[in-house]
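Here the structure is laid out as structure tokens; the discussion comes afterwards.
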Amino acid sequence: MTTPFLECRKLSVGYKKAVLRDLNFSAGRGRFIAVLGPNGVGKTTLLRCLSQRLKPLGGEIFLQGKNLQSYRPLELARILSVVMTDKAAPPLLSVYEFVALGRHPHTGFLGKLTDIDEARVGDALRSVRAEALADRFIDQLSDGERQKVVLARALAQDPELTLLDEPTAHLDLKHRMEVMGILRSLCSQRNLTVIAAIHDVDVAAKVADLVLSLKGGTVASFGRPEETLTSGSVASLYDFERASFSNLLGGVEIRGDGSQGKAFVLSRQDSGALAYRFLAKKGYQLSGGILDPADLDAHVGRALGARLFLWDGAAPPEALYDEALADLSEASLVVDGVPESGAAPADGLSHRLLDAARERGLKVIRLGSPGDVSPLASALSANA
Amino acid sequence: MEAELALHNKLLAQGRRNRRITVFYVLGALALLVAVVNLAVGSISYPLRDVLHVLFNPSEVSDLHFIVWKIRLPRTLACLMGGAYLAASGLLLQVYFRNPIVGPFILGISSGATLMVALVMLTALGLQLTYVTPFLTTIAGMVGAYGVMFIVVSIAAKVRSGATLLVVGLMMGYICGAVHSILTALAEKEKIKGFVLWSMGSFSGFKWVEIGILFVVGGLLVGSIYLLSKPLNAFLLGEDYAATMGVSIRKFRLFILLAASSLAGLVTAMAGPVAFIGLAVPHMARLSFGTSDNRVLVPGACLMGAIVTSLCDLIARMWLSPVELPISAITAFFGGPIVIGLLLKRGFKL
């Protein structure tokens, strides 16, 4: 068996008292490892330990088969670079000079840049698409631009492993996606190993090869996000109460608090997904049907904690209809999102439920073209 | 497009380099000029030609010879070196603490020196010791400055964060300040004026031995700071980043604290606490060279410090001549507006 690129054995980290203990995990070269966990769980402490800034309280870290503690600082700096949350922006330092500081472990006396160093700095700036910023002063950049430059400095160090502490905190969506995309492609193209503490579980699910989830002082799970990031594991990782993560949808949904009563959504084939989210946002507790279990509406509804009436078309529908009707009768709002060309058997049931709702004098709102929530929005604001 | 950009960058870097070289030449010329003026101008002014003649013929005997070789030359050299060292010390500490309002006395160096000098000048202790050595205040200043330095450095070994150390230094300053206030309160009136004047700094009365010590010890320190300007640059990003770039933090931190304090202590022991130079000159250098690169700034700040201090000494001597003003008053009075002006002109944040 080959030695893994990075391996932690029974690692305990912390200042005097262990914050995290008994960490065991290993990863191969070129992997993107996301470290997830609630605030204060010890993500930053773990990263400090992995960067040799903090001695482990117990256990060992092996980098390329060699104990991390036995690396000399300069030797380690040649293969490991770090991006911290610290907003280091010295005045009167150009972006180029800032990135060139990353060459520190490679340059000689007085840090004169050779042609190789200059080429590396150029590469680093190019790989974060920040060539155009080269002459600007570092303290005059926007948050997003600076973060790219900070990343470029870490890359100019020519590392094999980069540790990043919340690399996309405070960035707008564009830069968040850009930074993550850059890291992703560095893993696959340059075989760089990345360990990043990340706040957004959905981002982690989308970019990471491996996810290390930390909870209650130790590893809650370690593995591919496709397997370890289930709705249940994420909910317990962050102690979600009114939110839930859907691995399939790749996002976190926030449930309605039920303060506006109950809404019943009738839809099929994606026509109700946005209505579900809209109503949850407005504070409705949700129910819905009549859906095929594989319908997107069913996934969204489930993530939002809706009570769903699902029909695979095989079981006798009458019992389901009765149950749904009972639930619908309690709703203060019924949404009609059934497709117009509704010829599917499930639509038949939905139409019957709609008729029953009208009979009972319930408020029924028809969605616009599939998925269009504007009639719902105007009805609700007229109400308010 | 890419080639264009590379060319653009190259031209820009070239432009910056040229600017730095030009600034060095200008400052060098200014330093020389102000030094010569300092030699020629005084309560009795001599023609420049005579001064230069005496300077290059040290064996002649005349009044002018005495004035130049015993009074003006030592004083000029002391100003040049003292200013340079204070500026280097301030620069070092500003980089280490990543704090623009830090100066060489932030760790209590000047307060330590002031305390010891107060002891010898304000109490009877001094009278007995005057027979022992003519360098009494210098030695007292040195004992005070280095005593405080060693206390602060040994505390530094125990505390992790720079900010904590900063507060420790400030506290040391207050403690020493408290003691010398008490000494002042108890002292006789006549003695107080002399002490207060000392505590505002002066480059007068330097002896050649002191100049020699300044030159050798200070020169070695500044030289080694320059040689370590590469790790000092890594410190621009803070201690944590410097560590992950391969700098051995513990050793380097000790070096920074020792070098900065030794330089400031050396000057303070001989000239008294000269205010402002160490705090402001690094900013003047940074703004005129347009960079934070310490490979430029270490020599740059030294040169700038030498010029500013010499100029201030000239003003202190000449403005209300024959009364000589304390140099700290001049440095702050003229230096403050200059720093504010530079900052406003550049619209730049520290």
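A short reminder: the numbers here are calculations on the coordinates, not readings from a lab. Here the structure is a predicted model, which means the values were calculated and not measured. Positions of Cβ are generated from backbone atoms using ideal geometry, with glycine treated the same way; all protein chains shown enter the neighbour counts.
Build a GNM of chain B with springs between Cα atoms under 10 Å apart, and of B:191, B:251, B:207 the one that fluctuates most is B:251.
Distance between the modelled labels on residue A:315 and residue B:154, one decimal in nanometres: 8.0 nm (7 Å Cα→Cβ projection).
Along the charge dipole of the protein assembly as shown, Cβ charges K/R +1 and D/E -1, which of A:309, B:43, A:326 sits furthest on the positive end? Result: B:43.
Take peptide B:231-239, look around each residue's Cβ out to 10 angstrom, count Cβ atoms belonging to other protein chains, and average those counts. Please report the intermediate quantities before stating the final value.
Details: counts 2, 1, 8, 6, 1, 9, 13, 5, 2.
Counting Cβ atoms of other protein chains within 10 Å of each residue's Cβ and averaging gives 5.
Fully extending the segment from residue A:54 to residue A:352 would add 100.6 nm, taking 0.36 nm per residue of separation and subtracting the current Cα-Cα distance.
Between residue B:52 and residue A:110, how high is the FRET efficiency from 1/(1 + (r/R0)^6) when r is the Cβ-Cβ distance and R₀ = 41 Å? Nearest 0.05. The partial results should precede the final answer.
On the way: r = 37 Å, r/R0 = 0.89.
Plugging the Cβ-Cβ distance into 1/(1 + (r/R0)^6) gives 0.65.
Around the amide H of residue A:37, modelled in the peptide plane, lie the amide H atoms of A:214, all under 5 Å away and 5 or more residues distant in sequence or on another chain.
If you take the beta carbon distance between residue A:340 and residue A:87 as r and set R0 to 45 Å, what does 1/(1 + (r/R0)^6) give as a FRET efficiency, to the nearest 0.05? Present the calculation step by step, with values, prior to reporting the outcome.
Numbers: r = 54 Å, r/R0 = 1.21.
Efficiency computed from Cβ-Cβ geometry: 0.25.
Considering the zone a paramagnetic label at residue B:32 would reach in this model (a point 7 Å from Cα along the Cα-to-Cβ line), which residues of the range B:286-317 have amide N under 20 Å from it? Only B:299-311 pass the distance filter. Just checking the listed ones, A:374, A:350, A:51: in the Gaussian network model of chain A with Cα springs under 10 Å, the one fluctuating most is A:374.
Estimated purely from DSSP H runs of n ≥ 4, each contributing -39500 (n - 2.57), the mean residue ellipticity at 222 nm for the protein assembly as shown is -17000 deg cm²/dmol once divided by its residues. Direction-averaged projected area, Cα convex hull, chain A: 24.8 nm², rounded to one decimal.
What ranking of B:188, B:239 emerges when the number of other C-beta atoms within 10 Å of each C-beta is taken as an exposure proxy, fewest first? Display every interim value, and only then the final one.
Values: B:188 9, B:239 21.
Ranked by crowding around the Cβ, least crowded first: B:188, B:239.
In straight-distance terms, cross-link reach from residue B:193 covers every one of the lysines whose alpha-carbon lies under 30 Å from its own, apart from those fewer than eight places away in the same chain; here that gives B:70, B:207. Placing pseudo-labels 7 Å out from each Cα toward the beta carbon at residue B:44 and residue B:204 gives an inter-label distance of 1.6 nm. Relative to the current alpha-carbon distance between residue A:359 and residue A:372, full extension at 0.36 nm per residue lengthens the span by 2.2 nm. Shielding by partners for peptide A:87-97, expressed as the average number of C-beta atoms from other protein chains within 10 Å of each residue's C-beta, is 6. Under conditions of 37 °C and 0.692 mPa s, the range A:307-348 yields 282 µm² s⁻¹ as its translational diffusion coefficient, taking Rh as the Kirkwood radius over Cα pairs in the Stokes-Einstein equation. The chymotrypsin sites (Phe, Trp or Tyr not before Pro) of the range A:145-244 include none that DSSP puts in a loop with a beta carbon having at most 10 other beta carbons within 10 Å.
In the structure shown, do any of A:10/A:215; A:55/B:158; A:174/A:215; A:17/A:215; A:262/A:282 have a Cα-Cα gap over 19 Å, and if so which?
Working: A:10/A:215 16 Å; A:55/B:158 16 Å; A:174/A:215 30 Å; A:17/A:215 16 Å; A:262/A:282 11 Å.
Where the Cα-Cα span goes over 19 Å, the pairs concerned are A:174/A:215.
For the range A:278-292, putting each phi into the Karplus relation 6.51 cos²θ - 1.76 cosθ + 1.60 with θ = phi - 60° gives couplings of 4, 5, 4, 4, 7, x, 8, 7, 10, 9, x, x, 8, 10, 6 Hz, in residue order, rounded to whole numbers and with x for Gly and Pro.
Restricting the calculation to Cα atoms, the range A:255-383 yields a radius of gyration followed by a Dmax of 13.0, 41 Å.
The distance between label points at residue A:25 and residue A:129 comes to 2.9 nm (points 7 Å beyond Cα on the Cα→Cβ vector). With R₀ fixed at 25 Å, the C-beta to C-beta distance from residue B:323 to residue B:217 puts the FRET efficiency at about 0.15.
Annotation note: GluC sites (Glu not before Pro) in the range A:93-186 located in DSSP loop regions with a Cβ neighbour count of at most 11 within 10 Å are absent. Dividing the convex hull volume of the alpha-carbon atoms in the range B:19-346 by its residue count gives 146 Å³ per residue. From the P(r) of the range B:106-215, can you give the percent of Cα pairs sitting at distances over 23 Å? Percentage above 23 Å: 34. Derived scalar couplings between HN and Hα for the range A:107-112 equal 7, x, 3, 6, x, 6 Hz in order, rounded to whole Hz, by the Karplus curve 6.51 cos²θ - 1.76 cosθ + 1.60 (θ = phi - 60°), x for Gly and Pro. Spatial offset of the range B:184-245 relative to the range B:41-58 amounts to 30 Å, using the alpha carbon center of each. Given springs between every Cα pair under 10 Å in a Gaussian network model of chain B, which of B:180, B:53, B:283 has the largest fluctuation? Looking only at B:180, B:53, B:283, the biggest GNM fluctuation is shown by B:53.
Using the Cα centre of the range A:256-363 as the reference point, and only Cβ charges (+1 on K/R, -1 on D/E), how large is the resulting charge dipole? Debye, rounded to the nearest 20. Write down the numbers at each step before the final one.
Working: 11 positive and 16 negative charges, 104 e Å.
Value, rounded to 20: 500 debye.
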